[in-house]
1. Amide H to amide H under 5 Å from Thr143: which residues, 5+ apart in sequence or cross-chain, H placed 1.01 Å off N in plane?
2. Figure the gain on full extension for Ile60 and Ala81 (residue separation times 0.36 nm, minus the Cα-Cα span) and round it to one decimal in nm.
3. Work out from phi, with θ = phi - 60° and the Karplus expression 6.51 cos²θ - 1.76 cosθ + 1.60, the ³J(HN,Hα) of each residue of segment 39-46, listed in order in whole Hz, and give x for Gly and Pro.
4. Report the full-extension gain for the segment Ser244 to Ile100: residue separation times 0.36 nm, less the Cα-Cα distance, to one decimal in nm.
5. So what is the orientation-averaged projected area of segment 25-85, using the convex hull of its C-alpha atoms, in nm²?
6. Can you return the lysines within cross-link range of Lys296? Criterion is Cα-Cα under 18 Å, with same-chain partners fewer than 8 residues away left out.
7. Between segment 192-241 and segment 32-79, what is the separation of their alpha carbon centroids in Å?
8. When the helix-only estimate is applied to the chain (DSSP H runs of n ≥ 4, each -39,500 (n - 2.57), divided by the residue count), what is the mean residue ellipticity at 222 nm, nearest 500 deg cm²/dmol?
Amino acid sequence: MAGVLALSGGVGGAKLALGLDRILPAGALTVLCNTGDDFEHLGLSISPDIDTVLYTLAGIANPQTGWGRANETWTFMAALADLGGDTWFRLGDADLAVHIERTRRLAAGDALSVITEHLRSHLGIRSTVLPMSDQPVRTQVETSEGMLPFQQYFVKRQCEPAVRGFRFDGASEATPPPGLSQWLADTPLEAIIVCPSNPFISIDPILAVPGLRRMILDHSAPVIAVSPVIQGRAVKGPTAKMMSELGLAVTSTTVAAHYGELIDALVVDHSDDIEPIRNGPTVLRAATLMHSQKDKCDLAQTILTYARNLRTR
Ligand code: FO1
């Protein structure tokens, strides 16, 4: 059975991962999740981008925020606030169970990939979900106010400080998740898809894990990225603000240049006025704004159809 590898971080990436999960046969899709957003908070080990993919594929994600769970209750947060505890990072009661169980199992010596597989299986998810590494990698954001740990920048400071650059602490000691290399060797892939996540804080940490970029470059499957920018605006989150603060044009061309030789094609929205890129990726057009489940499945289908055409070239 042909497979698909998808690199995902954040809410935007999880949306396309959902579309791919729904149109592909069970087990065909492997989602490689960013863990640079992970952090220790209130004594808990929290992996937001893994949980966003798990909840999204399980159909239990909060539809308003994209992160955390739907139909959540907040008794824990309210009680913590009464105690004067730290409530800037919102942890719902059901979500809390995942953080407590993950923390317990990590302390017991289980690998993050083993814990993630347990959660995936428990949630009845059809696709494989892997952390980018079992070793900790922590994104630090270099800002006008100095280095900030990712969640301090993203949530506590609401992405307000101007961004100068990023550091992925622990990346040089990290290794790809167990089994990924073998799966890539054993599985004919239809495509490797870089989801419409923030290139800097969601995709770059994944590519910073030694060996991962090389695995993608060396694979014969077409590598297709979806631009998270449409008409000079980011679909979600701080991507546009970051690009501006980094002195980059807020365009899909910037995204193509950022990924460089890694990608064979860049999917941009029909409305995007991207210029053809000399010596750059093939530019493909699709409806990249995903609201409904149908939007997500249609975009996933369009990309796989493009991938099949690219392969036959
Ligand atoms: N993002 C926020 O902006 N505010 C929050 O309070 C918050 C809580 C939270 C809890 C669990 C979880 O899995 C994700 C959560 N996120 C929250 C999103 C998180 O910051 C992610 O890192 C972003 O989605 C970017 O990937």
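1. Amide H neighbours of Thr143, under 5 Å, 5+ apart: Leu148, Arg164.
2. 5.0 nm
3. 7, 9, 8, 6, x, 10, 8, 10
4. 48.0 nm
5. 5.5 nm²
6. Reachable lysines: Lys15, Lys236.
7. 21 Å
8. It comes out at -10500 deg cm²/dmol, rounded to the nearest 500.
The values are calculated or read from the model by the stated rules, or taken from the named source; none is laboratory data. The model shown is predicted, which means the values in this text are computed figures rather than measured ones. Every residue, glycine among them, receives a Cβ derived from its backbone with ideal geometry; neighbour counts consider all protein chains shown. SASA here: full protein model, heavy atoms, side chains in, ligands and nucleic acids out. Shrake-Rupley method; radii C 1.70, N 1.55, O 1.52, S 1.80 Å.
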